[in-house]
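What follows is one structure encoded as structure tokens, with my remarks underneath.
The values are calculated or read from the model by the stated rules, or taken from the named source; none is laboratory data. Predicted, not measured: the structure shown is a model, and the values here were computed from it. Backbone-built Cβ (ideal geometry, glycine too); neighbour counts: all protein chains shown.
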Amino acid sequence: MFKYIFFDLDGTLTDSAEGITKCVQYALESRGINVPDLNTLRPFIGPPLIESFMKFYGMTEEEARLCTAKYRERFKDTGIYENKIYPGVPEMLAQLKANGLRLALATSKPLVFAQRVTDYFNLSQYFDYICGPDLTGSHLPAKADVIADAMQKLGVSDKSEVLMVGDRSQDVIGALKCGIACAGALYGYGGRKELTDAGCTIFVDTPQDIVKLVCGK
């Protein structure tokens with residue numbers, strides 16, 4: 001029986017596609033790369049930015065870090081608020097808390113931004129712990145590191161009591177590496193194939209399905 005539920009942020013609690021893709025577009029323009037179709041930038045949602053700039057545009061790590069800095073130039077005051085909560089998320093979190101579960105936010109988004117987002121949408125009240133990497137990416141660089149940090153901070157002793165909820169392959173891979181279960185959020189950005197290929201076997205179609213999965217109602 002699950003006692004701890006860890007959540008990804010982008011694509012799991014909030015629909016942040018507009019802000020993220022516009023900021024990636026802005027960063028790429030600074031290097032003379034014009035990408036008019038924001039939909040082509042959706043793969044950037046979820047994974048660490050430096051990693052994505054290197055993977056999708058063949059950048060060196062130094063170039064990717066410069067692009068990430070440019071991204072944050074627009075994101076910190078504009079892109080961060082081009083965002084919305086998925087319907088049913090606050091109610092889902094409230095129900096889980098009411099059933100005595102301990103909740104953590106385990107995100108690849110830099111912690112300072114994650115906290116601003118959860119504060120802005122009044123979601124911080126539901127979490128026992130919020131964790132994510134620092135702005136340099138040197139602290140908690142991988143999703144497994146973020147998950148492990150949340151487990152340590154909440155004093156998890158039995159891994160079978162922990163469920164990670166996320167929408168991208170990184171969430172599944174990180175959870176499996178830490179020895180915990182992962183539920184794939186099909187309403188997010190990754191899709192069933194990406195999640196299945198990463199090893200996911202549990203799926204939810206809506207935030208309310210998370211309550212049904214964990215609490216049986």
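Points to keep in mind about this one:
- Filter result for residue 46 (on the phi > 0 side of the Ramachandran plot, within 18 Å of the chain's Cα centre (by Cα) and in the same structural domain as residue 174 (by TED's automatic domain parsing)): no
- Every residue from the stretch 56-75 that is over 17 Å from residue 10 (Cβ atoms) and either of a type in the set (Ser, Thr, Tyr) or in a helix (DSSP H, G or I) (or both): 57, 60, 61, 62, 63, 64, 65, 66, 67, 69, 70, 73
- Within the stretch 200-217, the residues that satisfy the criterion of being farther than 28 Å from residue 18 by Cα and exposed (fewer than 15 other Cβ atoms within 10 Å of the Cβ) are 201, 212, 216, 217.
- Checking each residue in the stretch 16-45 for being of a type in the set (S, T, N, Q), without any contact (Cβ under 8 Å) to a residue 60 or more places away in the chain and assigned to a loop (DSSP other than H, G, I, E, B) picks out 30, 34.
The rows are residues; the columns are (1) under 13 Å from the mean Cα position of the chain (by Cα); (2) at pLDDT 95 or above; (3) of a type in the set (Lys, Arg); (4) not assigned by TED's automatic domain parsing to the domain that holds residue 118.
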site: 135; (1), (2), (3), (4): no, no, no, no
site: 149; (1), (2), (3), (4): no, yes, no, no
site: 161; (1), (2), (3), (4): no, yes, no, no
site: 167; (1), (2), (3), (4): yes, yes, no, no
site: 172; (1), (2), (3), (4): yes, yes, no, no
site: 178; (1), (2), (3), (4): no, yes, no, no
site: 188; (1), (2), (3), (4): yes, yes, no, no
site: 206; (1), (2), (3), (4): no, yes, no, no
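- Across the stretch 103-120, the qualifying residues are those that are within 11 Å of the chain's Cα centre (by Cα) and part of a strand (DSSP E or B), and the one among them that is surrounded by the most Cβ atoms within 10 Å (Cβ to Cβ) is 106.
- Any chance residue 155 is under 19 Å from residue 3 (Cβ atoms) and either of a type in the set (Gly, Ala, Ser) or modelled with pLDDT under 95 (or both): yes
- Of 188, 184, 174, all but one fail to be small (Gly, Ala, Ser), in a helix (DSSP H, G or I) and touching an Asp or Glu at 6+ places or on another chain (Cβ under 9 Å); the exception is 174.
- Taking the criterion of being in contact (Cβ under 8 Å) with a residue 60 or more places away in the chain and in a loop (DSSP other than H, G, I, E, B), the only residue of the stretch 193-217 that qualifies is 206.
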